[in-house]
């Protein structure tokens, strides 16, 4: 597992993706601190990693990154940790377009092409 608080490359993500079927890297984004946890078998592991480092649960959202895809499909807003009825997110997907945009901005800052 890796904390991403400074930029990494898609090539680095590609090496991580080799461990998973489907060529993806699971990630959890802290939207307040603008950091990521990546490279764990489950989003819940990354969520715990960030919680143990002072992140707040309401700020953490699970995504999948596909380093070999160049377009908008690079980020998939899908994780079991995203099911949060109290925050009006009733599915595994991140339903808020505003939140999706914030996550996309954070990922763009931290991951170089």
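The values are calculated or read from the model by the stated rules, or taken from the named source; none is laboratory data. As the structure is a prediction and not an experimental result, all values here were calculated from the model. No Cβ is skipped: glycine too gets one built from the backbone with ideal geometry, and neighbour counts run over all protein chains shown.
One line per residue, one yes/no per condition, for (1) more than 18 Å from residue 109 (Cα to Cα); (2) part of a strand (DSSP E or B):
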position	(1), (2)
27	no, yes
40	yes, no
95	yes, no
98	no, no
Extreme residue, modelled with the lowest pLDDT, among residues of segment 15-25 that are assigned to a loop (DSSP other than H, G, I, E, B) and either surrounded by 21 or more Cβ atoms within 10 Å (Cβ to Cβ) or touching a strand residue (DSSP E or B) at 6+ places or on another chain (Cβ under 8 Å) (or both): 20
Only listed residue being in contact with a strand residue (DSSP E or B) (Cβ under 6 Å, 6 or more places away or on another chain) and surrounded by 14 or more Cβ atoms within 10 Å (Cβ to Cβ), chosen from 35, 81, 69: 81
Selection status of residue 86, surrounded by fewer than 17 Cβ atoms within 10 Å (Cβ to Cβ) and free of Cβ contacts under 8 Å to residues at least 24 places away in the same chain: yes
